[in-house]
């Protein structure tokens with residue numbers, strides 16, 4: 001009986017040792033599931049930079065403001081650019097002055113075609129609206 005217990009204990013001990021060696025061998029040669037997942041993951045970062053296209057101003061509105069000022073027609077239409085601080089807007093108005101209704105805005109560098117010069121430092125656009133000469137330039141601002 002003693003011999004039977006000894007043999008059983010010996011076999012059990014050997015089995016534990018074999019299992020321990022097998023587990024150790026598995027850890028060295030096989031990646032764990034979490035290692036396998038992390039080695040297969042890829043991170044991609046995409047950065048989208050918004051672009052702004054500044055078309056030439058051309059509104060579909062008609063100006064029905066009664067003309068009570070003087071205008072001098074230009075020899076030919078001229079293209080000017082809104083020269084306002086970045087983030088600011090140049091108001092487009094129904095008449096040549098800040099007291100007239102604002103009907104739109106131009107952003108920095110946006111082109112506008114002018115056809116006449118009105119009194120008080122204002123230009124008349126091809127659409128029949130007005131922008132201040134102070135905020136226009138003949139070259140595209142930086």
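Given (1) modelled with pLDDT of 70 or more; (2) under 27 Å from residue 141 (Cα atoms); (3) under 27 Å from the mean Cα position of the chain (by Cα), where does residue 45 come up short, assuming only one miss?
(2)
Are any residues in the stretch 73-103 buried (at least 16 other Cβ atoms within 10 Å of the Cβ) and farther than 16 Å from residue 140 by Cα, and if so, which ones?
Going residue by residue through the stretch 73-103, those that are buried (at least 16 other Cβ atoms within 10 Å of the Cβ) are 80-84, 89-96, 100, 103.
Once the filter is applied, which keeps residues that are buried (at least 16 other Cβ atoms within 10 Å of the Cβ) and farther than 16 Å from residue 140 by Cα, the stretch 73-103 yields 91, 92, 93, 94, 95, 96, 100, 103.
The values are calculated or read from the model by the stated rules, or taken from the named source; none is laboratory data. Just so we're clear, the structure is a prediction, and the values are computed from it rather than from any experiment. Because the Cβ atoms are built from the backbone with ideal geometry, glycine has one as well, and the counts that use them run over all protein chains shown.
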